[in-house]
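One structure, as structure tokens, below. Some questions next.
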């Protein structure tokens with residue numbers, strides 16, 4: 001039984017989120033939550049909330065789901081469109097250059113280990 005949670009337009013760069021997602025991918029849900037709680041990265045609380053949401057989605061799908069058997073099957077971050085977070089920096093001779101802030105779509109998929 002798969003459970004999925006998606007966070008769209010997260011205000012963090014995808015390469016920063018991928019470091020945390022690589023850390024929790026393939027691990028048991030309890031281990032992943034413990035690691036995220038003590039990781040001093042900016043993406044850790046974001047991924048932690050998303051993991052909690054995926055657990056809640058799994059319980060909503062099947063009330064008898066065993067939380068001890070859930071693991072992070074898939075976790076990835078894609079680049080979102082930057083049209084919402086553009087900034088300008090003044091440059092020499094009256095010019096301006098654009099600063100593009102990183103925005104991500106983050107997805108976490110949980111699955112049950114007992115299933116084939």
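Distance between the C-alpha centers of region 85-116 and region 24-60? Whole Å please.
One Cα centre to the other: 20 Å.
Put a dot 7 Å past each Cα toward the Cβ at residue 16 and residue 114; how far apart are the dots in nm?
For residue 114 paired with residue 16, the spin-label model returns 4.0 nm.
Here is a further query. Give me the percent relative contact order of the chain, please, defined on Cα pairs under 8 angstrom at least 6 residues apart.
43
Between 102, 48, 94, find the one with the highest GNM mean-square fluctuation for the chain; connect C-alpha pairs within less than 10 Å.
94
Please work out which option in (1) 37; (2) 53; (3) 17 gives percent of Cα pairs over 23 Å apart calculated from these coordinates, and answer with its label.
Matching the structure shown: (1).
Picking from 77, 43, 96, which is most flexible by a Gaussian network model of the chain using Cα springs under 10 Å?
Its mean-square fluctuation being the largest, the pick is 96.
By counting other Cβ atoms within 10 Å of each Cβ, how are 52, 22 ranked from fewest to most?
Ascending number of Cβ neighbours within 10 Å: 22, 52.
Where a number appears in this text, it was derived from the coordinates with a stated rule and is not lab data. No experiment lies behind these values; they were computed from the predicted model shown. Note that each Cβ is placed from the backbone with ideal geometry, even for glycine, and that neighbours are counted across all protein chains shown.
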